[in-house]
Amino acid sequence: PARLDLALIRRAKAPPIASDLEALGAGAPVIRFHPPPLRIGLPYALGWLYGIEVAGLGGRMMAKQLFERLGVGPADGGAFFDGYGADTHAMWERLARVITLRVRSDADLDAARDGAVDMFEALLDWLSLPNSSTCSPD
């Protein structure tokens, strides 16, 4: 049920990233992903998703700057930063509602926090690659 509540297909990040790379004339790099987390469970997964969505909210702020300074909008290389466009706030509220309903105990809160931290560590790992186009998969 949480999958339906969260509209997970719409939250996929790979399609807008691929669109941006194509619009900007960049080839698709080989990307090394952070090792999969050892933890499982809905609270952990919701924490991971929370981290992704927080990063996306920051992207919306950057989208405005990309357009004002470089003329880059959602159709020409800024789709990832545009998030869900006008629906960004509604998508955030949808996630917050699910987290509120499903993350209840202290153990759930700990697992959700761990998921968010692991997501940010994975993002830092990916962003710290010297040149992702020269890296091979693990």
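The values are calculated or read from the model by the stated rules, or taken from the named source; none is laboratory data. Predicted model, so just to flag it, every value in this text is computed and none were measured. For neighbour counting, all protein chains shown are included, and Cβ atoms are generated from backbone atoms with ideal geometry for every residue, glycine included. Side chains are part of the model used for accessible areas, which takes the heavy atoms of the whole protein and leaves out ligands, DNA and RNA. Shrake-Rupley method; radii C 1.70, N 1.55, O 1.52, S 1.80 Å.
Would you point out the residue of the range 104-138, among those that are crowded, with 17+ Cβ neighbours inside 10 Å, in contact with a Gly (Cβ under 8 Å, 6 or more places away or on another chain) and among the hydrophobic types (A, V, I, L, M, F, W, C), that is modelled with the lowest pLDDT? The residue in question is 119. Could you grab the pairs with beta carbons closer than 8 Å, sequence gap of 6+ or different chains, first residue in the range 75-86 and open to solvent by less than 30 Å² (accessible area, probe 1.4 Å), second one among the polar types (S, T, N, Q)? Listed pairs, sorted by first residue: 79/19. Total residues in the range 29-56 satisfying the condition of being modelled with pLDDT under 85 and closer than 16 Å to residue 89 by Cβ: the figure is 2. Among the numbered conditions (1) surrounded by fewer than 17 Cβ atoms within 10 Å (Cβ to Cβ); (2) more than 19 Å from the chain's Cα centre (by Cα), the only one that residue 97 does not meet is (2).
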